[in-house]
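What follows is a short report on a single structure.
Where a number appears in this text, it was derived from the coordinates with a stated rule and is not lab data. What you see is a predicted model, and the numbers here were worked out from it, not measured in a lab. Don't worry about glycine lacking a Cβ; one is built from the backbone with ideal geometry, like all the others, and counts go over all protein chains shown.
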Amino acid sequence: MASRLEISTRNVICIKIVLFYLILIAESGQLPLVVNTWGPPFFNATKKAWTVITNGVSSSLDAVELGCSVCEVEQCDGTVGYGGSPDENGITTLDAMIMDGDSLDVGSVGCLKNIRGAISVARSVMVHTGHTLLVGEDATQFAKQMGFKEQSLETNRSL
């Protein structure tokens, strides 16, 4: 069995290798770049983000939002989107955060109930309010005011 030090050293080496390749790609001008750190369940989200960012019309923020939206619909590995694990009270809720790397603007929602597009609601918080985080009933009411439709977040698996 590997010691914590060996595992930590391996993690640092892996991170250095990834950073090295990212620097090479950035220096070569072969951008944009879409990175997925979670593997196969999230590949469709990565593909969508790549398609959006390379279309020449959309922004990197559009790519992040639409890529995340794919996982919300596909319920990537059961942890993203509707049908996920219920909270401590047995209710399925969603959280999401989005950040614009250029302006450092942030929008996020927590404990969002009965609204499926959490990442899009988070972006709406960033664009249409002076807040960075809306939680619970405030997040849900804001989403409805922005035109998001109420839908159950529960599935047979999440009940």
Please label the shape of segment 86-158 as rounded, prolate or oblate, based on the square roots a ≥ b ≥ c of the eigenvalues of the alpha-carbon gyration tensor (a/c under 1.5 means rounded; beyond that, a/b larger than b/c means prolate, else oblate). prolate
Here the tail fraction of P(r) beyond 20 Å, over all Cα-Cα pairs of the chain, rounds in percent to 59
May I ask you to list the trypsin sites (Lys or Arg not before Pro) in segment 75-150 that are in a DSSP loop and have at most 14 other Cβ atoms within 10 Å of their Cβ? K149
I need the peptides 126-132, 136-142 ranked by packing, meaning the mean over residues of other C-beta atoms within 10 angstrom, with the highest value on top. 136-142, 126-132
Please go through segment 72-117 and write out the GluC sites (Glu not before Pro) that DSSP classes as loop and that have at most 16 other C-beta atoms within 10 Å. E88
Cross-link candidates for K144: which lysines have Cα within less than 30 Å, leaving aside residues fewer than 8 places away along the same chain? K47, K48, K113
Which value, in debye to the nearest 20, describes the size of the charge dipole of segment 32-159 about its Cα centre when Lys and Arg Cβ atoms bear +1, Asp and Glu Cβ atoms bear -1, and nothing else is charged? 340
